[in-house]
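Scroll down for the structure; my scribbles are underneath it.
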Amino acid sequence: MTDRRGSLELIGPVLALALAGIVGSTGFVDPALENEFKGALVSVAIVVALYVFVGNSGVVSFGHVSFVAVGAFAAGVMTVPVALKPTITPGLFAFLGEHSVGNLASLALAAVLGGLFALVVGIPLMRLSGLAAGIATFAVLGVTYNILNNWEKIGPGPLTLTTIPETTGLLQATIGAIAVVAVAFAYQRSRYGRKLRASREDPAAARAAGIDIHRERLWAFALSGALSGLAGGLLVHLAGTLQARDVYLDLTFLTLAMLVVGGVGSLWGAVVGALAVSALDSFLLRAESGEVGFVDDLLGKPLWGGSRLVGVALFMAVVLVFLPQGLTRGREFHLPRLGRRRAVAQESSA
Amino acid sequence: MLEVSGLEVRYGTVPAVRDLDLSVGRGEIVGLIGPNGAGKSTTLHAIMGAVRPSAGDIRLAGSSIRGRAPEQVVRAGVALVPEGRRIFTELTVEENLRLGLAGRRSKDGSAEALERVYELFPVVHESRSRHAGLLSGGQQQQLAIGRALVGEPDVLLLDEPSLGLAPTVVDTVFGALLAIRAQGVTILLVEQRAQRTVALADRTYVMSNGELRMTLGPGDAGDSRRMVEAYFGSS
Amino acid sequence: MTDDVQTLVDAVALGSIYALMAVGIGLVFGVLRLVNFAYGQLIMAGAYALALTNDQPVLLSIALCFAVVLALSLALELAAFRPLRRASPTTMLVATFAISYLLQSIALVKFGAIGKIVVVVPKLSEPVTIGGVHIRWITIMTIIVAVLVFAALMVLLTKTTIGLHMRAASIDPATARLLGVRANAVITAAVLVSGVIAAIVAVILPMAVPERLLVGPDFALRETIIVLVGVVVGGIDRLLSATLGGFTMGVAVGLLSGYLPSSGAWPFTSSVYLDSAVFMLVIIVLLIRPEGLFVRGRHAALERV
Ligand SMILES: Nc1ncnc2c1ncn2[C@@H]1O[C@H](COP(=O)(O)OP(=O)(O)O)[C@@H](O)[C@H]1O
Ligand SMILES: [Mg+2]
């Protein structure tokens with residue numbers, strides 16, 4: 001693969017995201033849809049962050065939402081206006097209760113904390129692989145959730161954190177998602193990323209070639225943790241409220257499924273999976289509320305309530321069962337060959 | 001009885017067996033020899049339905065068994081003694097034998113079939129309630145053959161049954177093959193011990209690099225030049 | 001002292017339930033190499049069947065519970081496990097994750113988020129006093145049922161032909177098939193036995209665990225997670241070690257929740273941090289013995305770098 005063709009692979013994901021941002025912001029669509037677009041872009045950020053580790057290392061992690069959670073709680077707690085903290089989160093440590101930071105600083109903090117947490121957790125855990133790695137990372141998620149859900153000195157505990165500034169606009173969501181994709185792309189084409197991918201294909205050969213798999217996995221895990229933290233920051237500033245439950249099992253499942261639906265093996269797969277599942281989700285939601293004309297015409301009434309949940313789950317289950325390699329089959333984006341396109345054009349003009 | 005024609009098997013894109021024809025007549029012992037990696041085990045696995053051939057046909061008593069699952073091929077009357085014996089070491093000897101009954105077409109006569117195996121291999125009978133992992137290599141090989149026989153197959157395939165056995169034990173195993181044939185079972189014997197195989201078998205095919213090289217008769221066993229040629233390729 | 005005995009008996013009962021679930025998960029893993037995250041939703045379906053038939057005779061209600069769980073088990077095997085048979089373990093796990101989510105969504109849409117009360121045999125929830133210790137009938141029943149199930153399973157696995165085939169298929173599926181063991185029959189048998197156990201748990205759980213008196217979409221989900229963790233920690237590729245892993249988790253959870261105070265300002269100081277304590281232990285165990293706590297020798301289904 002030549003370098004030039006290689007960097008073309010980035011075009012697909014970036015164009016898709018930019019397009020999502022532009023379409024969402026212009027009058028093409030119902031302005032009420034804007035939130036759906038923002039949500040889809042934040043999903044892309046989370047799924048690509050997850051992909052940085054899972055896709056490149058070939059080791060599954062069920063614990064990535066821990067880092068999203070840490071980022072979300074850090075960004076959320078640190079941006080609630082100081083004046084409101086005594087009522088919303090009265091139990092906070094003094095140094096948390098008496099300070100707040102701006103939007104960008106909170107995102108940076110989310111990324112740093114997510115990365116550090118992943119680094120600390122990864123040092124022992126990256127020695128594991130297979131099911132043991134899956135369960136151990138899941139246990140990390142269990143601990144994170146349990147503490148965030150109860151410890152009132154660092155957050156709202158079992159309550160809901162509210163009055164978080166909703167600063168994740170369409171522009172920020174788009175830039176955030178593209179930034180995460182760009183970092184992921186740069187990483188997978190760097191020396192480190194290539195070493196890790198080599199160890200995914202053939203661990204024994206990689207080790208024989210002098211690759212320290214533990215260290216390479218750890219770098220990927222920490223980077224992926226930092227990106228997850230950032231994505232968590234975007235998520236919390238999109239929603240404006242936060243509960244520990246929001247960043248636990250459902251999100252873990254949803255993001256993993258998006259990744260597997262798109263195809264674990266490629267960045268393009270992560271982007272496609274997140275966008276496809278988000279799109280289906282939004283479509284079904286609107287069809288349920290009677291906002292999609294042709295569904296109403298077809299059924300004579302809106303889609304029955306709850307179709308969205310069942311539809312999304314069914315879609316993911318079907319793709320996972322019948323297309324285990326995902327929609328992109330683990331391939332990166334590539335432009336259709338010019339020659340073929342011309343041939344098609346001739347055919348259709350004839 | 002067993003007829004393989006034009007068989008080709010690929011792992012990925014690399015063919016492990018190419019355009020292979022062989023046939024085993026009813027009541028015959030036919031040998032199949034060749035160096036490591038020649039494609040002998042692959043041929044047996046293709047007959048059993050454990051790997052899918054990319055071309056060719058496999059016929060048993062005239063009807064094609066190509067494309068059937070292993071459990072169906074066994075029920076059609078073919079049994080395999082796999083390379084490396086594949087004994088279930090955590091199960092008892094008797095449980096291993098009972099597993100062989102899985103492939104029987106009818107449950108009647110199971111007890112008699114077990115009896116016949118115990119008669120053929122007294123050591124198996126003596127150790128029937130012990131864990132199979134406690135048996136010696138030779139005893140495990142006898143168990144593996146017995147396990148294939150309790151299904152009362154028409155055709156018995158053996159994959160290197162003498163592998164890793166002491167010479168006296170090899171005698172026992174080869175002796176048993178004659179006794180088995182005497183019970184009317186057709187045998188296809190894959191081996192590395194070329195000389196003994198050629199001497200025992202009615203006919204012996206020589207394979208290398210996935211292809212059939214030549215066919216030897218019992219008389220060739222003493223012909224060391226032909227044997228060497230068989231192994232290292234003729235001009 | 002009597003409190004200690006009470007806590008211990010309760011913990012053993014919880015361990016018995018978890019051990020039952022561990023066996024159910026372990027049986028299917030043995031023959032399919034598939035970690036079934038959707039196992040809890042089979043139990044959920046059974047519990048809904050009970051809750052919706054509270055006004056029917058108990059035996060009818062229980063029979064219905066078994067029918068629903070077994071039908072759903074078979075449907076999962078045909079529609080999902082069979083096509084997945086050649087997929088990687090991770091894909092399989094994520095796929096069963098998706099199925100679990102699907103079943104939860106269906107339950108949510110059909111029955112709503114608010115739990116339905118399950119009434120099986122109210123009398124069993126009453127305590128008896130033995131030597132000053134108050135123990136509920138259901139606690140005793142749970143332990144007895146678990147012992148009976150394990151005895152029956154032992155007989156099935158060691159004394160019957162299908163049991164022998166199941167054991168062989170979980171040790172070496174390729175060789176078992178070459179001997180004529182029917183893969184589909186063995187898998188169907190394992191899925192059915194696993195389903196029977198799920199149905200038994202569905203009957204017991206609402207009575208035995210007070211927080212499970214109501215059945216909602218996420219019924220038995222927490223139990224499934226803890227049991228799955230326990231199964232891997234114990235050693236998933238052996239039925240016995242998987243079961244011991246589940247049992248140990250149940251006893252540990254039971255004892256910790258019995259002894260930790262119910263409130264505290266710092267993590268790990270109260271029973272609300274029970275899950276953290278359990279998961280931390282799990283991480284430590286996995287780091288020390290990634291192949292499983294109760295696995296002897298080199299049978300490592302889980303490799304490490
Ligand atoms: N499962 C497999 N996957 C890929 N290649 C295989 C597999 N089994 C055998 N081969 C290859 O096929 C060829 C024939 O192997 P085999 O049939 O085992 O030979 P033999 O039994 O004569 O020693 C060898 O080159 C071997 O490496
Ligand atoms: Mg061989």
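A few comments on the model shown:
- Interface size, chains A and C: roughly 4000 Å² of accessible area buried, both sides included, 1.4 Å probe, rounded to the nearest 100.
- Panel note: contact residues of region C:135-177 (accessible area lowered by at least 50 Å² against the chain on its own; 1.4 Å probe) correspond to C:L164, C:I171, C:T175, C:R177.
- Neighbouring partner chain Cβ atoms per residue of C:81-92, average, 10 Å criterion: 4
- Helix-only arithmetic for chain C: the sum of -39500 (n - 2.57) across DSSP H runs with n ≥ 4, divided by the residue total, places the mean residue ellipticity at 222 nm at -22500 deg cm²/dmol.
- The mean number of partner chain beta-carbon atoms within 10 angstrom of a residue's beta-carbon across peptide A:308-315 is 5.
- For the residues A:S278, B:S63, a 1.4 Å probe over the protein chains yields an accessible-area ranking, largest first, of B:S63, A:S278.
- Shape of region B:127-235, Cα gyration tensor, a/c cut at 1.5: prolate
- Average other protein chain Cβ within 10 Å of Cβ, residues A:261-269: 1
- Entry note, region B:170-235: relative contact order of 23 percent, from Cα contacts under 8 Å with a spacing of 6+ residues.
- For chain A, leaving out every one of the GluC sites (Glu not before Pro) that falls in a DSSP loop and has at most 16 other Cβ atoms within 10 Å, the longest unbroken run is A:167-290.
- Of A:L170, A:L314, A:L92, the one that fluctuates the most in a GNM where chain A has Cα springs shorter than 10 Å: A:L314
- The accessible surface of region A:2-340, taken with every protein chain in place and a 1.4 Å probe, is 66 percent carbon and sulfur.
- Options B:G100, B:I33, B:P218, ranked by Cα towards positive dipole end of chain B, top entry (Cβ charges): B:G100
- When shorter helices are ignored and each DSSP H run of at least 4 residues is given -39500 (n - 2.57), the per-residue value for chain A at 222 nm works out to -22500 deg cm²/dmol.
- Accessible area of region C:195-305 belonging to carbon and sulfur atoms, whole % at 1.4 Å probe: 67 percent
- The order of C:I62, C:I135 by accessible area, most exposed first and with a 1.4 Å probe, is C:I62, C:I135.
- Rounded Å value of the spacing that divides the Cα centres of region A:263-306 and region A:175-228: 33 Å
- Normalised contact order of chain C, rounded percent, pairs of Cα under 8 Å and 6 or more residues apart: 32 percent
- For B:L188, neighbours were defined as the other residues whose beta-carbon sits under 13 Å from its Cβ, and their charges (Lys and Arg +1, Asp and Glu -1) total -3.
- Simple point charges give the picture: +1 on the Cβ of Lys and Arg, -1 on the Cβ of Asp and Glu, and for the protein assembly as shown a dipole about the Cα centre of about 1360 debye.
- Of C:I138, C:F97, C:F150, farthest towards positive along the dipole that unit charges on Lys, Arg, Asp, Glu beta carbons give region C:19-173: C:F97
- The residues of chain A expose, per residue, 42 Å² of accessible area to a 1.4 Å probe.
- Euclidean distance of C-alpha centroids, region A:48-89 and region A:233-258, integer Å: 8 Å
- Surface per residue (accessible, 1.4 Å probe) for region B:59-121, Å²: 42 Å²
- Among A:A75, A:A205, A:A182, residue whose mean-square fluctuation peaks in a GNM of chain A (springs only between Cα atoms under 10 Å): A:A205
- Carbon/sulfur fraction of accessible area - chain B, other protein chains in place, 1.4 Å, %: 48 percent
- Of all lysines in the structure, those lying under 19 Å Cα to Cα from A:K153, and not within fewer than 8 positions of it along the same chain, are A:K85.
- Helix-derived mean residue ellipticity, 222 nm - over chain B, DSSP H n ≥ 4, -39500 (n - 2.57), to 500: -10000 deg cm²/dmol
- Here region A:188-244 is assigned +1 on the Cβ of each Lys and Arg and -1 on the Cβ of each Asp and Glu. Its dipole about the Cα centre then comes out at about 220 debye.
- Gyration tensor (alpha-carbon) shape descriptor, region B:1-89, a/c threshold 1.5: rounded
- With contacts taken as Cα pairs under 8 Å and at least 6 residues apart, region A:2-340 reaches a relative contact order of 29 percent.
- Positive-end residue, chain A charge dipole about Cα centroid, Cβ charges, pick of A:G210, A:G21, A:L251: A:G210
- Straight-line cross-link reach from C:K110 at under 29 Å between alpha-carbon atoms covers these lysines, not counting any fewer than eight positions away in the same chain: A:K301.
- Sites excluded, chymotrypsin sites (Phe, Trp or Tyr not before Pro) in DSSP loops with at most 15 other C-beta within 10 Å, longest stretch of chain A: A:94-303
- Across C:L281, C:L178, C:L20, mean-square fluctuation computed from a Gaussian network of chain C (C-alpha pairs under 10 Å connected) peaks at C:L178.
- Taking a ≥ b ≥ c as the square roots of the eigenvalues of the Cα gyration tensor, region C:136-177 is classed as prolate, since a/c reaches at least 1.5 and a/b is larger than b/c.
- At a probe radius of 1.4 angstrom, the accessible area of region C:2-218 per residue rounds to 39 square angstrom.
- B/C buried area, accessible surface, summed, 1.4 Å probe, Å²: 1800 Å²
- Debye, to nearest 20: dipole size of region B:55-97, +1 on Lys, Arg Cβ, -1 on Asp, Glu Cβ: 300 debye
The values are calculated or read from the model by the stated rules, or taken from the named source; none is laboratory data. Since we're looking at a predicted model, the values are computed, not measured. Neighbour counts run over all protein chains shown; Cβ positions are idealised from the backbone, glycine included. Note: areas computed on protein heavy atoms with side chains; ligands, DNA, RNA excluded. Shrake-Rupley method; radii C 1.70, N 1.55, O 1.52, S 1.80 Å.
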